[in-house]
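I have placed the structure first, in the form of structure tokens, so that the comments after it can refer back to it.
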């Protein structure tokens, strides 16, 4: 197991959790007290991280929400990555994909400048678009395979492109630093993907606001050892239900997701 | 013709040029005098823009090279977009693609914050990943169809995915704000793509450092009126051949590309 996936498994073991918390700050959804701070995005993320930390095995900021706030947003992103304790991996949800010489610059931005532990990548541009990231043998690369959104039916499902992607990722995975992204709304395909890639770690978004099926997901997601997957929840935790103090509600929501994931695991065992 | 494509045609007419200049500042390739400036990326871009302006119909910064420099790089990007005269369109080479709610944040970043005229997009995530950009009816969306790099053979060519993309882009193009990206290294497919999409504007990178064939490209790229395409050159102009003053060499290189494009056009006419 490479350094990133080992760190992920260690964090999952330590916190008894396979929950990844998405940090996707939508400016108009940030609660008032944080909006009054000098750096509202970072203040909000800090509150979410503090609340969710005992219940999470990883955090995953999606770069779009930081870019929407311009350079200030990116500065908040850097502070966010630095704030998360080093034993909890941080995944850049970037979905980048560009020709080789440009992909190199993206890899530098994500791994050298922001110092993320892992990244999500779009495979459409093929091998040379992934190669500069593959060189970082101690990091993690989650390649989009079958996404959680309705548009995945346009190009990913026809001709079973998602299976061609799995086959290619297995070729790319020489250093053991690759994983897949498969949406929780696509559980009917998860069994087939897992059968083709029994060893790859799968990052599973789409639970919560997107309506993915957690129970069915957990039936097929684990690898042979019962590990090898993480479940991402974003809005379900950063926009927690209920009334009262934000941080208590966020902590409660994270804990509930952790418990739901674990209880399904146990029911299966 | 929507506002963006009209602006592009006006600029092409005014400067008698279909050359788009890529602004991809590689920090270690920026000449010494600019590196000593307070903002080396912007100082370098300013020199390239001043040199190429009379010979270009558009500029295209690739966001990777700005992100690699952290928030300072993004601040230089914003200054670069603002520096380019408003009658010359600026295209964000971003290749973004994410689920609907996230794509909205990317669209805000690119169109509202940076105020780009157009953007390149990765279609792998399908309709809802493009929809938030489509709403900007006065801007331009260049969708990746067949890219210039070797990795395009992994997923874009098999099963003729590039033609499925063309068909989908035609559906998306209700406001007339869509175009395609087809690499100049893929001229053998350009004829087929142009036949399927006689009206879409095609952005063609891959001439110059990547070795694309300009002559064959110009045989098939134009639409029925002879317009509807732009040829992007990045390193061929920002890392110009020869000795002596940088700005003179960059201007000379841009002029030569413009002349080569125009002479092929005339030979064809």
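Here is how the numbers come out for the structure above:
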{"read-out": "Filter pass, residue B:43 being modelled with pLDDT of 95 or more, more than 8 Å from chain A (Cβ to nearest Cβ) and closer than 28 Å to residue B:9 by Cβ", "value": "no"}
{"read-out": "Filtered residues of segment A:71-96 (kept if within 14 Å of chain B (Cβ to nearest Cβ) and over 30 Å from residue B:146 (Cα atoms))", "value": "A:71, A:72, A:73, A:74, A:75, A:76, A:77, A:78, A:79, A:80, A:81, A:82"}
{"read-out": "Some residue of segment B:187-202 being in contact (Cβ under 8 Å) with a residue 60 or more places away in the chain and within 29 Å of residue B:139 (Cα to Cα)", "value": "yes"}
{"read-out": "Which listed residue, of B:64, B:52, B:58, B:47, is within 23 Å of residue A:114 (Cα to Cα) and in contact with a helix residue (DSSP H, G or I) (Cβ under 9 Å, 6 or more places away or on another chain)", "value": "B:64"}
{"read-out": "The one condition in (1) farther than 19 Å from residue A:150 by Cα; (2) crowded, with 24+ Cβ neighbours inside 10 Å that residue B:125 fails to fulfil", "value": "(1)"}
{"read-out": "Helices (runs of 4 or more DSSP H) lying entirely in segment B:194-269 (those with 2 or more residues that are surrounded by fewer than 20 Cβ atoms within 10 Å (Cβ to Cβ), touching a helix residue (DSSP H, G or I) at 6+ places or on another chain (Cβ under 7 Å) and modelled with pLDDT under 95)", "value": "B:214-220, B:246-268"}
{"read-out": "Segment B:98-119: number of residues that are free of Cβ contacts under 8 Å to residues at least 60 places away in the same chain and touching a strand residue (DSSP E or B) at 6+ places or on another chain (Cβ under 6 Å)", "value": "6"}
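The values are calculated or read from the model by the stated rules, or taken from the named source; none is laboratory data. Quick caveat, the model's predicted, so the values are computed rather than measured. When we count neighbours, we look across all protein chains shown, and the Cβ atoms used for this are built from the backbone with ideal geometry, even at glycine.
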